[in-house]
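The values are calculated or read from the model by the stated rules, or taken from the named source; none is laboratory data. What you see is a predicted model, and the numbers here were worked out from it, not measured in a lab. Cβ sites come from the backbone with ideal geometry, for glycine too, and all protein chains shown count toward neighbours. Side chains included, ligands, DNA and RNA excluded: accessible areas come from the protein's heavy atoms. Shrake-Rupley method; radii C 1.70, N 1.55, O 1.52, S 1.80 Å.
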Amino acid sequence: MTQTYYTEDHEWIRVDGDTATVGITDYAQEQLGDLVFVELPEAGRSVKKGDTAVTVESVKAASDVYAPADGEILEANSALSSEPALINSSATGDGWLWKMKLSDKGQLEGLMDEAAYKNHIG
Amino acid sequence: MTDVGLKRLPLEDLHQAAGARFGGFAGWSMPLTYPAGVMKEHLHTREHAGLFDISHMRLIEVSGPGAAALLSHACPLAAEEIVERQSKYTFLLTETAGISDDLIVTRLGPTRFMVVANAGNAEKDAAHLREFAAGLDAKVEPLERVFLAIQGPEAWAALSRAGIETGELTFMTGFEPKPGWFMSRSGYTGEDGFEIGLPEADAREFVAKLLEDDRVMWVGLAARDSLRLEAGLCLHGQDISEETDPVSAGLLWAIPKRLRSEGTFVGAEALHKEIALGAPEKRVGLKPEGRQPVRAGAVLTDEHGQAVGRVTSGGFGPSVGHPVAIGYVSTPLAAAATRVFADVRGSKIALDIHPLPFAPHRYRKG
């Protein structure tokens with residue numbers, strides 16, 4: 001049973017038990033434009049909520065993607081190394097960024113559900 | 001979209017209707033991208049024709065018996081030798097030969113010239129030119145025009161379909177095809193193309209006609225930047241500024257030979273000295289290894305970690321398929337075309353000094 005949450009920084013986090021998959025929302029990829037490079041995290045790295053986990057680069061600029069919760073990186077989406085545009089074509093599917101093991105599921109409480117996020121982006 | 005304090009383009013409503021995403025640039029609210037996105041807009045320009053609204057740039061008419069003398073004093077330019085319809089790339093220099101703006105000057109007639117100035121500098125430029133105008137019997141008049149660029153291999157054909165024949169124009173020439181219009185064969189993409197200044201009412205009709213053509217699409221400022229970067233063209237405020245001079249920027253070709261050692265234009269003394277002594281650093285193209293862009297502001301080091309230069313523009317080149325950058329490195333390194341390095345968020349990235357342009361120029365030189 002998975003549940004998806006959203007952050008104010010336009011990330012989605014799909015939670016299944018104590019693991020989660022993280023990506024940026026379709027709205028975020030639209031704002032960033034065509035992506036040309038993704039700097040992915042190493043598996044095994046510990047992150048704190050708010051740490052920069054990934055940097056995505058568009059033609060024009062670099063933008064940070066923050067960890068939405070504490071935990072350990074399990075895997076990064078290596079397909080993005082050769083095809084960063086997967087984030088543009090499928091932000092919530094094949095364009096996922098990393099999987100992580102959550103260390104404090106309580107942190108999810110403050111995040112938005114889909115309806116609240118839709119309201120957030122207006 | 002409603003940033004307070006930003007100037008709005010006269011055709012802003014057309015860009016809104018086309019779904020543009022806006023951002024601030026040089027004090028103007030500008031269309032950055034349209035729904036096609038920077039990548040498609042860039043590639044479309046190289047293959048077909050991109051339409052750019054560059055009304056943030058300013059056309060300044062300089063006229064009167066002293067017009068040529070004024071320009072020859074304000075710029076390192078032999079304005080009296082420019083023949084009618086010919087355009088020249090030139091500069092306004094500071095007394096220390098810093099580049100306070102880069103301009104294109106076109107001779108329209110015996111006593112009339114058109115100057116194209118950069119958005120952020122236009123007011124300062126007009127004021128600067130006016131300082132010399134009074135004593136020289138010349139008039140400096142910034143014009144209220146919509147300014148469009150149409151760039152790409154099919155630009156001429158699209159113009160022809162829209163009723164504007166371009167056969168007589170070759171690269172870096174310009175004229176007035178209709179009252180209130182100014183058109184030159186030039187641009188900022190490395191492609192064949194045109195820049196057209198015209199009254200707003202004419203512009204609305206003209207744009208509608210151009211966009212009926214499948215070969216033409218709106219292209220935003222983001223792709224304008226990636227196109228000019230691949231073409232190795234300088235952006236004032238980044239690659240050239242009052243802190244750099246034409247010698248270090250590698251732009252001496254724009255200054256007539258005679259004026260490189262004599263002449264009394266503003267900045268002449270400092271420029272002549274810089275030419276005689278040689279510049280300590282040179283502008284170069286830089287090709288980062290791998291796919292990660294190295295952006296403006298990155299410090300360049302040699303293999304020992306010693307600072308040897310800086311990146312002034314950097315991004316990704318959609319046509320060449322790799323990151324591209326422009327920067328300055330110390331003159332000996334520039335000559336040796338060695339490898340330099342940049343630190344990007346903790347990763348050491350190698351950059352090869354690369355000849356400019358990255359994408360070949362395809363101008364129609366006649």
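Can you tell me, using C-alpha contacts under 8 Å and at least 6 residues apart, the relative contact order of segment B:280-366 as a whole percent?
35 percent
With a 1.4 Å probe on protein heavy atoms only, work out how much accessible surface B and A bury together, total over both chains, in Å² to the nearest 100.
Summed over both sides, the interface buries about 1400 Å².
Among A:K99, A:K48, A:K60, which one moves the most in a GNM of chain A with springs linking Cα atoms closer than 10 Å?
A:K60
Under 29 Å Cα to Cα from B:K273, which lysines show up? Leave out anything in the same chain fewer than 8 places away.
Of all the lysines, those that pass the test against B:K273 - Cα under 29 Å, at least 8 places apart if same chain - are B:K88, B:K124, B:K257, B:K282.
How big is the convex hull of the Cα atoms of segment A:2-104, per residue, in Å³? Please list the in-between numbers first.
On the way: hull volume 8.5 nm³, N = 103.
Looking at segment A:2-104, the number lands at 82 Å³ per residue.
Label point 7 Å out from A:S81 along Cα-to-Cβ: which residues of segment B:324-366 have amide N under 11 Å?
none
Under the √(5λ) rule applied to the eigenvalues of the Cα gyration tensor, what semi-axes describe the equivalent ellipsoid of segment B:88-242? Give them in Å, descending.
28, 20, 13
Counting Lys and Arg as +1 and Asp and Glu as -1, each charge on the Cβ, what is the dipole of segment B:280-366 about the Cα centre in debye, to the nearest 20?
Here segment B:280-366 has a charge dipole of around 480 debye.
Please list, ordered by chain and number, the residues whose modelled amide H lies under 5 Å from the amide H of B:L32; skip anything fewer than 5 residues away on the same chain.
Those lying under 5 Å, H to H, from B:L32 are B:R21, B:F22, B:G23, B:L221.
What residues have an amide H closer than 5 Å to that of A:E75, excluding those fewer than 5 places away on the same chain, when H is modeled at 1.01 Å from N in the peptide plane?
Under 5 Å from the amide H of A:E75: A:K99.
Net charge within 11 Å of B:V140 by Cβ-Cβ distance, Lys/Arg positive one each and Asp/Glu negative one each, not counting B:V140 itself?
Neighbourhood net charge equals -2.
To the nearest 500 deg cm²/dmol, what mean residue ellipticity at 222 nm is calculated for chain A from DSSP H runs of n ≥ 4 alone, each contributing -39,500 (n - 2.57), summed and divided by the residues?
Calculated mean residue ellipticity at 222 nm is -4000 deg cm²/dmol.
Subtract the Cα-Cα distance of B:R345 and B:L143 from 0.36 nm times their separation in residues, and report this length gain in nm to one decimal. Display every interim value, and only then the final one.
Values: separation 202, 0.36 × 202 = 72.72 nm, distance 4.52 nm.
That works out to 68.2 nm of additional length.
Probe radius 1.4 Å, ligands and nucleic acids ignored: give me the carbon and sulfur share of the accessible area of the protein assembly as shown as a rounded percent.
That share works out to 50 percent.
For segment B:209-284, count the residues as N, evaluate 2.2 N^0.38 Å, and divide the Cα radius of gyration by that value, please. Before the final figure, lay out each step's value.
Numbers: Rg = 17.7 Å, N = 76, 2.2 N^0.38 = 11.4 Å.
Rg over 2.2 N^0.38 Å, computed on Cα atoms: 1.56.
Hydropathy first: keep DSSP H helices in chain B averaging at least -0.5 on Kyte-Doolittle, then drop any whose Cα extent along the axis falls short of 24 Å, and list what survives.
none
For chain B, what does the helix formula give at 222 nm: sum of -39500 (n - 2.57) over DSSP H segments with n ≥ 4, over the residue count, nearest 500 deg cm²/dmol?
It lands at -6500 deg cm²/dmol.
Note the direction-averaged projected area, equal to a quarter of the hull surface, for the Cα convex hull of chain B, in nm². Before the final figure, lay out the partial values.
On the way: hull surface 72.8 nm².
Averaged projected hull area, Cα only: 18.2 nm².
Where a Cα-Cα gap under 15 Å defines reach, which aspartates and glutamates qualify for A:K118, not counting those fewer than 8 residues away within the same chain?
Partners found: A:E8, A:D9, A:E11, A:D26, A:E30.
So for the pair B:E242, B:T264, with labels modelled 7 Å out along Cα→Cβ, what separation do we get in nm?
Taking the two extended label points, one gets 2.5 nm.
So for the protein assembly as shown, taking the charge dipole from beta-carbon charges (+1 Lys/Arg, -1 Asp/Glu), which of B:S347, A:V38, B:L235 sits furthest toward the positive end?
Among B:S347, A:V38, B:L235, the one farthest towards the positive end of the dipole of the protein assembly as shown is B:L235.
Quick one, can you get me the convex hull of the C-alpha atoms of segment B:280-366 expressed as volume per residue in Å³? The partial results should precede the final answer.
Details: hull volume 8.5 nm³, N = 87.
Spread over its residues, the Cα hull of segment B:280-366 gives 98 Å³ apiece.
Using the Cα centre as the reference, give the magnitude of the dipole from point charges on the C-beta atoms of segment A:2-104 (Lys, Arg: +1; Asp, Glu: -1; all else neutral), rounded to the nearest 20 debye. Please list the in-between numbers first.
On the way: 7 positive and 19 negative charges, 20 e Å.
Magnitude of the dipole: close to 100 debye.
Once you charge only the Cβ atoms, +1 for Lys and Arg and -1 for Asp and Glu, what is the size of the charge dipole of chain B about its Cα centre, to the nearest 20 debye?
Charge dipole, chain B, about its Cα centre: 660 debye, nearest 20.
If packing is taken as the average number of other Cβ atoms within 10 Å across a peptide's residues, how do B:166-177, A:5-16 rank, most packed first?
A:5-16, B:166-177
So what is log10(I(q)/I(0)) for the protein assembly as shown at q = 0.09, 0.11 1/Å, when the Debye sum runs over its Cα atoms only?
Debye output, listed in q order: -0.69, -0.97.
Within segment A:2-104, how many Lys pairs that are eight or more residues apart, or on different chains, come under 18 Å at the alpha-carbon?
Numbers: A:K48/A:K99; A:K48/A:K101; A:K49/A:K99; A:K49/A:K101.
For segment A:2-104, qualifying lysine pairs total 4.
Counting partner chain Cβ atoms within 10 Å of every residue's Cβ in A:51-61, what's the average?
5
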